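What follows is a set of notes on a single structure, which appears directly below.
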Amino acid sequence: MRSVAMVTGAQRGIGFGISQVLAHRGFSVVLCDLDKSALEEAGQTLPDSHTEVLDVADFAAVQVVVERIEKTWGPIAVLVNNAGINRDHMIHKMNEEDWDAVVAVNLKGQFNCMRQVIPYMRARQAGRIINISSASWLGNVGQANYAAAKAGVIGLTKTAARELARLHITVNAICPGFIDTPMTRRMPPDAFEAMMEKIPMGRIGTPEDVGRVVAFLASEDAAYVTGEVINVGGGMVL
Ligand code: NAP
């Protein structure tokens with residue numbers, strides 16, 4: 001039987017790239033995202049995958065969906081917390097909604113999923129959790145809400161890694177640099193070009209570049225790796 005991987009924000013962008021790589025490495029992927037029809041369209045392209053409509057910011061909804069995945073599709077072996085949004089403004093122009101929305105999805109959403117999945121993993125004394133942070137956690141002009149949430153993800157990851165290490169559950173974070181997705185394609189052209197100039201490898205990353213590192217962390221080869229923060233950015237952060 002294939003091991004189950006739950007991936008959030010999976011219908012497009014990095015989440016879909018991660019789902020593709022995991023599906024082709026033999027996982028049964030449960031794609032979770034907000035939009036039912038987009039999810040189903042994405043799921044149809046992957047072997048042995050399933051879909052769940054899920055707003056990761058909704059604590060109660062996460063509980064229901066995680067329970068359903070465990071009962072219907074099997075034990076969750078891998079949780080990939082990928083769902084994320086940005087609402088960029090300088091701090092002096094950022095409103096309360098922009099702050100709250102970004103922290104609710106990017107940080108609390110990861111806690112919500114971990115809170116529901118970890119009891120199952122603890123009972124089995126096995127599991128892999130991979131949290132998607134961002135190179136922006138180090139600070140980025142116009143992204144106070146996003147950077148704060150993504151820095152929070154690092155603290156959450158390292159704490160969970162310490163709590164779960166003796167139970168053979170690993171928890172790691174990945175910081176993508178600049179990856180070609182709808183999120184980055186929404187940027188103004190001059191800002192896009194400025195980001196490109198910061199990449200020593202001279203090319204934008206692909207969702208599969210991130211997916212392959214997720215697959216490594218989910219594999220037996222990474223059994224002794226926990227609490228790490230891995231940059232996937234073509235040398236953007238050195
Ligand atoms: P994206 O293209 O905007 O895709 C994000 C996906 O997450 C979308 O399908 C979106 O659904 C979904 N989503 C948003 N809010 C959600 C919620 N509350 N519950 C469940 N799903 C939700 O973004 P991306 O570029 O692939 O980014 C994926 C992750 O990588 C994010 O955590 C992002 O912060 C991180 N990251 C990206 C980059 C980059 O260069 N692209 C760099 C560093 C980190 P809707 O479309 O329906 O809103």
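The values are calculated or read from the model by the stated rules, or taken from the named source; none is laboratory data. Just so we're clear, the structure is a prediction, and the values are computed from it rather than from any experiment. Cβ sites come from the backbone with ideal geometry, for glycine too, and all protein chains shown count toward neighbours. What goes into the accessible areas is simple: the full protein's heavy atoms, side chains included, and nothing from ligands, DNA or RNA. Shrake-Rupley method; radii C 1.70, N 1.55, O 1.52, S 1.80 Å.
Here Asn140 clears all of (1) part of a loop (DSSP other than H, G, I, E, B); (2) of a type in the set (S, T, N, Q); (3) closer than 22 Å to Cys113 by Cβ except the condition numbered (3).
Restricting attention to the stretch 202-224 and to residues that are under 21 Å from Trp137 (Cα atoms) and either part of a loop (DSSP other than H, G, I, E, B) or among the charged types (D, E, K, R) (or both), the residue that is nearest to the ligand (Cβ to nearest atom) turns out to be Ile204. Among the residues here, Ala147 does not qualify as hydrophobic (A, V, I, L, M, F, W, C), in a helix (DSSP H, G or I) and surrounded by fewer than 17 Cβ atoms within 10 Å (Cβ to Cβ). Pairs needed: first member in the stretch 174-201, within 6 Å of the ligand (Cβ to nearest atom) and open to solvent by less than 80 Å² (accessible area, probe 1.4 Å); second member anywhere, in a helix (DSSP H, G or I) and aromatic (Phe, Trp, Tyr); C-beta distance under 8 Å; at least 6 residues apart or different chains. Every condition considered, the pairs that remain are Thr184/Phe192.
Could you please let me know if Asn86 is assigned to a loop (DSSP other than H, G, I, E, B), surrounded by 17 or more Cβ atoms within 10 Å (Cβ to Cβ) and within 15 Å of the ligand (Cβ to nearest atom)? Yes, satisfied. Considering the stretch 13-37, and only residues there that are more than 14 Å from Leu217 (Cα to Cα), among the charged types (D, E, K, R) and more than 12 Å from the chain's Cα centre (by Cα), the residue that is farthest from the ligand (Cβ to nearest atom) turns out to be Lys36. Looking at this structure, is Thr51 over 15 Å from the mean Cα position of the chain (by Cα), away from the ligand (no atom under 15 Å from the Cβ) and of a type outside the set (Gly, Ala, Ser)? Answer is no for this residue.
Taking the criterion of being within 19 Å of Gly127 (Cβ to Cβ), under 13 Å from the mean Cα position of the chain (by Cα), among the hydrophobic types (A, V, I, L, M, F, W, C) and not in a helix (DSSP H, G or I), the residues of the stretch 150-187 that qualify are Val171, Ala173, Ile174. Inspect all residues belonging to the stretch 4-12 and state whether any of them is on the phi > 0 side of the Ramachandran plot, open to solvent by less than 50 Å² (accessible area, probe 1.4 Å) and in contact with a Pro (Cβ under 8 Å, 6 or more places away or on another chain). Looking for residues that are on the phi > 0 side of the Ramachandran plot, open to solvent by less than 50 Å² (accessible area, probe 1.4 Å) and in contact with a Pro (Cβ under 8 Å, 6 or more places away or on another chain), one finds none in the stretch 4-12, hence no.
Among the residues of the stretch 91-107, those identified as open to solvent by 60 Å² or more (accessible area, probe 1.4 Å) and in contact with a helix residue (DSSP H, G or I) (Cβ under 8 Å, 6 or more places away or on another chain) are Ile91, Trp99. When Thr206 is tested against (1) open to solvent by 30 Å² or more (accessible area, probe 1.4 Å); (2) closer than 14 Å to Ile132 by Cα, just one condition goes unmet, and that condition is (2).
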